[in-house]
Each structure stands twice: as structure tokens, then as C-alpha cells.
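What follows is a short report on a single structure.
The values are calculated or read from the model by the stated rules, or taken from the named source; none is laboratory data. It should be emphasised that the depicted structure is a prediction, and the values quoted were computed from it without experimental measurement. Please note: Cβ atoms are built from the backbone with ideal geometry, for glycine as well, and neighbour counts cover all protein chains shown.
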Amino acid sequence: MKRLTLMSLAASALALTACASLAPYGPQAGPNGQGYAEQRIESNRFRVTYRGVGAPGPVADMALLRAADLTVQTGFDWFEVTQRWTDGRRDSAGGVRPSVSIGAGSSRYGRYSSSGVGVGVGLNLSGPQPTSTALEVVMGNGPRPDRPEAYDARDVQMTLRGRR
């Protein structure tokens, strides 16, 4: 019976976490909605923000994709990330996260004594959490600079759209 209850609890948690997930790539819908937004800072410099739900990695990928799309749309070949902000907890994907703890103890009460070992299982049922990535990017034409934060816009588009 305990096993059935634990299985039901786990199934319910999975169903709840499936309700909140990263929305399809697109513009931000409302001030707290998921999606991208950008702000032009100079003719070739933008701040791109992507808000989503779940792990920070996929949200950061969507911010890079938006920077690549914006780069191509404005007539540039490459972009370089000059600043990056990630707002999210390390475990923002939420869901069922098992954890195990083990404890031991003993007690003595009058003539009786006892000892025991316990095992507990904890679950994080909070679900996916909001997260966002903001990039400040500078765009340019010609050969891409040989720096780790410089990206060929069309390569990023092909790579990130090919994975989805």
C-alpha cells in the first residue's frame, strides 16, 4: 500500500511539472510572459533578454538564437556577447528530485533501550521556476573575431534551430 501511495505521489508530481515548461520561441507576451525582448543601445549594440521557465541552459540558448536572428535582420554577419546575466537558480528545472537521507539513533528509557536506522526520501515538487538570460551584444560584418564570445549569426541559427 505504501508503495502504491509513493507511486501515485510521483505520478502526480510529474503531471504537475509537465504543466509549466519553456514556451515556443517567440516574442515576450506581456511583462511577465515567456519569450524575447530587445532594446537597441547603439546602431550595432543591443540588449537581448529571453524569459522562460525551466533550466537556465535552454533559456540561454533562446537568448543566443534571438541575438543571431536580430543580427541577420539588421544586416550584420556576427555578434559578440559583451555582457551576460542569468537570473535563475541552479535547479530551476524543478520536477521530481529524489534525495536520500540516512539517520541513526538510540534511546534509553528506564529499563528499555532501543536503537534504529531510518531512511527518508524527499521530493522537490515545486515545479519549473522562471528564469531569464540577458545578453548585451555588439554586431559586425566581415570575418568573425577570433574571441570565445563572438558568434557567426547564421551558424548559431542553424545549430540551435536544428536541435529543436
Residue list for region 29-56, filter: under 24 Å from residue 79 (Cβ atoms), in contact with a strand residue (DSSP E or B) (Cβ under 7 Å, 6 or more places away or on another chain) and surrounded by fewer than 18 Cβ atoms within 10 Å (Cβ to Cβ): 37, 39, 40, 41, 44, 45, 47
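Results for (1) under 19 Å from residue 65 (Cβ atoms); (2) at pLDDT below 70; (3) not in a helix (DSSP H, G or I), shown as yes or no for each residue.
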site: 95; (1), (2), (3): no, yes, yes
site: 107; (1), (2), (3): no, yes, yes
site: 136; (1), (2), (3): yes, no, yes
site: 145; (1), (2), (3): no, no, yes
site: 155; (1), (2), (3): yes, no, no
site: 162; (1), (2), (3): yes, no, no
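Which of the residues belonging to region 37-66 are among the charged types (D, E, K, R), in contact with a Lys or Arg (Cβ under 9 Å, 6 or more places away or on another chain) and not in a helix (DSSP H, G or I)?
Scanning region 37-66 gives 38, 40, 47.
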